[in-house]
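What follows is one structure encoded as C-alpha cells, with my remarks underneath.
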Amino acid sequence: MTEFLSRGAEIAVLGAAGKTGAAVVAALDGLAGVRRVVHTARRSGDHAVDLDTGAGLDEALSGCRAAYVIAPNVHPDEPALVRRVLAAAAAGGVEHVVYHSVAWPYTPAMPHHVDKAVCEDLVRTSGLRWTVLQPCAYAENFAAVLDGTATAVELPYSPDVTFSFVRLADVAEVAARVLAEGPEVHHGATYELGGPETLSVRALCDRASVPVKQVSVDEWMSRHGRDLTADGRARLSAMFEFYDRHGFLAGSAAIESLLGRPPT
Ligand SMILES: NC(=O)c1ccc[n+]([C@@H]2O[C@H](COP(=O)([O-])OP(=O)(O)OC[C@H]3O[C@@H](n4cnc5c(N)ncnc54)[C@H](OP(=O)(O)O)[C@@H]3O)[C@@H](O)[C@H]2O)c1
C-alpha cells in the first residue's frame, strides 16, 4: 500500500451501518495502517450523523483524511445530501472523497440513477480530490439464494433479462484499496464495477434449485415495499420497469485491474 495510508489515515465511512457500508468497513478493518474508521449512520452511536439535516457531519469529517460517501438507497434528494457532505469535507480538510455511485448513472428512465449522475458531477467539480465507484447490481440482493435459505423468489421484472451481478465483497475490496492508496493514485478516476459473467436471475436461481416467479410491480410492492415512502416506491418501480426491458450490465475489467485477480 502507498504512503497515504501508512501515515495513518482516519477514514469516514458515511452510511457505515448499511449493507454496503458494513462491507466497506470490514474490508478496511483488514488493512494495516488505518487508525480509525468513523462510522456515520444514525444508529451507530459513535458518530451519529443525520445526512438529511447535516447534524453531526462536520464533527464526523473533521480530521479525516478520506471520506467514503454512501447515500441511503433510493433517497428522495441525494444531490442535496452529497452537496452537504462535500461542503463538510472541504471545511474539514478531507483530502480524498470516494463517492459510491452506480453503473449507468445517466439513465433518464431511472430517477435515482440520474440523481447519482448529478452527484458525480458535484463530486468532480467540488475542488476536492475524488474517485467515483460505479457498481452494478450486487449478487447479495439475492442473499437468500446465495446462502441456500431461499425457497422461492418473486421478481417484479423478467427473470430472463441479464445482469453483471457483482459480489459486494469485491466492491468493498476495491473501495478499501482506493482509500488505502489514496488520491495520489486514484484522483480523477471513475471505475465501473461489474461481475465476471452476464447472468439472469433465473440462471442464478437455477444454480441453487430455487424456483423464480415474475409478479407485477404492484403485487411485489404490496408484499415487499410496504415500508417504503411513496417516492421510494416510485423510484424502485421505475428501476424494475427499466430492468424488465434492458437488464443491467457493466464491465469487470476495472475490478480485475485494481485487485490483480478476476472478480469473484
Ligand atoms: N443494492 C445494489 O445492488 C446497489 C448497487 C449499486 C449501488 N448501490 C447504492 O449503494 C447505496 C447503499 O445501498 P445499501 O443497500 O447498502 O443501503 P442500506 O443498507 O439501506 O444502508 C443505508 C445506510 O444509510 C444510513 N442512512 C439512511 N438515512 C440516513 C440519514 N438521513 N442520515 C444518515 N444515515 C442515513 C442508514 O443508517 P441507519 O441504520 O441509521 O438507517 C444505513 O447505514 C445506495 O446509494 C444504492 O443506490 C446499491
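Each value in this text was obtained by applying a stated rule to the coordinates, not by laboratory testing. Please read all numbers here as calculations on a predicted model, not as lab measurements. Note that we place each Cβ from the backbone using ideal geometry, even for glycine, and neighbour counts take in every protein chain shown.
Among 121-133, 137-149, the peptide with the highest mean count of other Cβ atoms within 10 Å heads the list, and the full ranking is 121-133, 137-149.
For the stretch 159-255, a simple Cβ point-charge model (Lys and Arg +1, Asp and Glu -1, everything else neutral) yields a dipole of about 320 debye relative to the Cα centre. Here the stretch 50-148 is assigned +1 on the Cβ of each Lys and Arg and -1 on the Cβ of each Asp and Glu. Its dipole about the Cα centre then comes out at about 340 debye. Dipole check for the stretch 93-173: with +1 at the C-beta of Lys and Arg, -1 at the C-beta of Asp and Glu, and the Cα centre as origin, the magnitude is about 240 Debye.
Each of residue 26 and residue 203 was given a label point 7 Å from its Cα along the Cα-to-Cβ line. The distance between the two points is 2.5 nm.
Could you give log10 I(q)/I(0) at q = 0.07, 0.15 Å⁻¹ for the chain, computed by the Debye formula over C-alpha point scatterers of equal weight, without solvent? The computed values of log10 I(q)/I(0) come out as -0.24, -1.12. Normalised Debye scattering of the stretch 107-264 at q = 0.09, 0.13, 0.20 Å⁻¹ gives log10 I(q)/I(0) of -0.34, -0.71, -1.33, counting only Cα atoms as equal scatterers and leaving out solvent.
Eigenvalues of the alpha-carbon gyration tensor of the stretch 182-264, scaled by 5 and square-rooted, set the equivalent ellipsoid semi-axes at 32, 20, 11 angstrom, largest first.
For the stretch 34-97, the equivalent ellipsoid derived from the Cα gyration tensor has semi-axes of 18, 14, 10 Å, listed largest first. Peptides 221-234, 73-86 ordered by packing proxy, namely the average of other Cβ atoms within 10 Å per residue, highest first: 73-86, 221-234. Centroid-to-centroid, using Cα positions, the stretch 198-216 and the stretch 58-107 are 35 Å apart.
Above 28 Å lies some portion of the pair distances; for the stretch 1-149, what is it as a whole percent of all C-alpha pairs? Display every interim value, and only then the final one.
Values: 1967 of 11026 pairs.
Here the long-distance tail beyond 28 Å is 18 percent of all Cα pairs in the stretch 1-149.
So what is the 222 nm mean residue ellipticity for the chain from helices alone, if each DSSP H run of at least 4 adds -39500 (n - 2.57) and you divide by all residues, rounding to the nearest 500 deg cm²/dmol?
About -11500 deg cm²/dmol.
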